[in-house]
Amino acid sequence: MPPSYQSWLHRRTPDQLAALLRLRPDTALPVPPTVGSLATRLRIRSSVARALRGLSAAELAVAEAAADAGAEFRPVARREVAERVPQLPAEEALAALDRLEAAGLVYGEEGEVLLLKEVFASLPPDWKLLHDVGLTDAEIARRLDSLDAPRRAMLETLANSAGMGLTRDDALVESGLVVRVDERTVRLPLSVRRALRGASPA
């Protein structure tokens, strides 16, 4: 079973906790009475948003790569996250991941990480740095136009629910319009979400 955020905090050393509080000073006062209360504060969306404003472009790109890899739902190998950011050397991507962990935005053990779901919930709905599908604007539009009404409605539902949902429809995955996260969960790429809303994918 993946570690809980609270259990991960319990295992941080005093120096690591001190560094975390320096990076997230809004969670330090009044002094949290328990690790559980600190975990709650660290996940408050306004606090997460404040932490995100202090991140570099590299750190934001690595956070996005972790989300693309499904780290909001299951542990993902750190190396896999780094490989999803080809713009950065692997060592730089892993160092950015370390900084995200130091700030309590990702957590995990034994070479794997989970991403707090509050991270992307705290960003604008259409925010992205990485190109997230290998389709051109025209291909996205053509594939959307070719969908039958039920599948189109399914994508509209995903677009209105933070881009994540449950489906076993392999045809949608094969179309490239959704990305499989696990056996039942799919993610709607931001460029497809933009196309559904009538904007041009970046």
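Values in this text are rule-based calculations from the coordinates and carry no lab data. Bear in mind that the values here come from a model prediction, so they are computed numbers and not experimental data. Positions of Cβ are backbone-derived with ideal geometry, glycine not excepted, and every protein chain shown enters the neighbour counts.
Quick look at the numbers
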{"quantity": "Kirkwood hydrodynamic radius (C-alpha pairs) into Stokes-Einstein, the range 22-126, 10 °C and 1.306 mPa s, D in µm²/s", "calculated": "114"}
{"quantity": "Order of V173, V113, V119, V31 under a 10 Å beta carbon neighbour criterion, fewest first", "calculated": "V31, V173, V113, V119"}
{"quantity": "For the chain, size of Cβ-based charge dipole, Lys and Arg +1, Asp and Glu -1, in debye", "calculated": "700"}
{"quantity": "Paramagnetic label zone (point 7 Å from Cα along Cα-to-C-beta, R11; backbone N under 11 Å) in the range 32-48", "calculated": "none"}
{"quantity": "MRE, 222 nm, helices only [DSSP H, n ≥ 4, -39500 (n - 2.57), over the chain, to nearest 500]", "calculated": "-14000 deg cm²/dmol"}
{"quantity": "Computed E for S4/S37 - FRET, C-beta separation, R0 22 angstrom, nearest 0.05", "calculated": "0.90"}
{"quantity": "Residue order, fewest to most surrounding Cβ atoms within 10 angstrom, among D98, D145", "calculated": "D145, D98"}
{"quantity": "Relative contact order (percent, whole number), the chain, Cα cutoff 8 Å, 6+ residue spacing", "calculated": "18"}
{"quantity": "Lys/Arg +1, Asp/Glu -1 at C-beta; the chain dipole; positive extreme among A171, P150, A19", "calculated": "A19"}
{"quantity": "Simple spin-label estimate for A121 and N160 in nanometres, 7 Å along Cα-Cβ", "calculated": "2.0"}
{"quantity": "Residue exposure sequence - S191, S175 - by fewest surrounding Cβ within 10 Å", "calculated": "S175, S191"}
{"quantity": "FRET efficiency estimate (nearest 0.05) - Cβ-Cβ, I44 to R143, R0 30 angstrom", "calculated": "0.20"}
{"quantity": "Net charge dipole size for the range 5-121 [Lys, Arg +1 and Asp, Glu -1 on Cβ; Debye, nearest 20]", "calculated": "560"}
{"quantity": "Charge context of S56, other residues only, Cβ under 12 angstrom, K/R +1, D/E -1", "calculated": "0"}
{"quantity": "Coil-residue GluC sites (Glu not before Pro) of the range 49-147, DSSP, other Cβ within 10 Å capped at 12", "calculated": "E110"}
{"quantity": "Cβ-based net charge around P25, under 12 Å, with every Lys or Arg adding one and every Asp or Glu removing one", "calculated": "+3"}
